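The values are calculated or read from the model by the stated rules, or taken from the named source; none is laboratory data. All values derive from a computational prediction rather than experimental measurement. Please note: Cβ atoms are built from the backbone with ideal geometry, for glycine as well, and neighbour counts cover all protein chains shown. Side chains included, ligands, DNA and RNA excluded: accessible areas come from the protein's heavy atoms. Shrake-Rupley method; radii C 1.70, N 1.55, O 1.52, S 1.80 Å.
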Amino acid sequence: QVQLVESGGGLVQPGGSLRLSCAASGSISRINNMAWYRQAPGKQRELVASITSGGIINYVDSVKGRFTISRDNAKNTVYLQMYSLEPEDTAVYFCNAGIVRILLTKVVENQYWGQGTQVTVSS
């Protein structure tokens, strides 16, 4: 079994900062891509930022210059540092990871999701 557990969400005023964490645990051989998605009420889930195992990073245009994604491979953890938060950033944030496991003689990669953490930006 593999679990992704997020933390760090909450209520913050416009212009404020938050740091999200997502830790993977379980029977993990390797973690490939890790990413943060978000879903606002009535909207589709969107990719916010992603980071490969080699450190290649991508951001959606709306968060460039304000959000920073990073990962600690020793801790199987991905972070999302968010600065200059805006009301439009309000959403449930989900982490996603491509996790490789060894099952008997098979090497299997599956996509896993965290349970989501609420970020609310409001005065």
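Miscellaneous remarks
- Meets criteria (surrounded by 12 or more Cβ atoms within 10 Å (Cβ to Cβ) and β-branched (Val, Ile, Thr)) for residue 56: no
- Per the conditions (1) assigned to a loop (DSSP other than H, G, I, E, B); (2) under 19 Å from residue 117 (Cβ atoms), the sole criterion not satisfied by residue 22 is (1).
- Residues of segment 56-74 that turn out to be closer than 12 Å to residue 33 by Cα and of a type outside the set (Val, Ile, Thr), as a count: 4
- Each residue in segment 76-103 was checked for being part of a strand (DSSP E or B) and either of a type in the set (D, E, K, R) or more than 12 Å from residue 36 (Cβ to Cβ) (or both), and 7 pass.
- The number of residues in segment 42-75 that are within 14 Å of residue 31 (Cβ to Cβ), part of a loop (DSSP other than H, G, I, E, B) and touching a residue at least 24 places away in the same chain (Cβ under 8 Å) comes to 0.
- Selection within segment 95-117 - open to solvent by 10 Å² or more (accessible area, probe 1.4 Å) and more than 12 Å from the chain's Cα centre (by Cα): 101, 102, 103, 104, 105, 106, 107, 108, 109, 110, 111
- Restricting segment 59-79 to residues that are surrounded by 14 or more Cβ atoms within 10 Å (Cβ to Cβ) and in contact with a helix residue (DSSP H, G or I) (Cβ under 9 Å, 6 or more places away or on another chain) leaves a set whose member that is nearest to residue 7 (Cα to Cα) is 67.
Here is a yes/no grid of residues against (1) within 30 Å of residue 13 (Cβ to Cβ); (2) at pLDDT 95 or above:
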site: 89; (1), (2): yes, yes
site: 93; (1), (2): yes, yes
site: 96; (1), (2): yes, yes
site: 105; (1), (2): no, no
site: 111; (1), (2): no, yes
site: 114; (1), (2): yes, yes
site: 122; (1), (2): yes, yes
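- Criterion violated by residue 123 - all others in (1) free of Cβ contacts under 8 Å to residues at least 40 places away in the same chain; (2) among the hydroxyl-bearing types (Ser, Thr, Tyr); (3) not in a strand (DSSP E or B) satisfied: (1)
- Within segment 25-41, the residues that satisfy the criterion of being under 11 Å from the mean Cα position of the chain (by Cα) and either not aliphatic (A, V, I, L, M) or not in a strand (DSSP E or B) (or both) are 33, 36, 37, 38.
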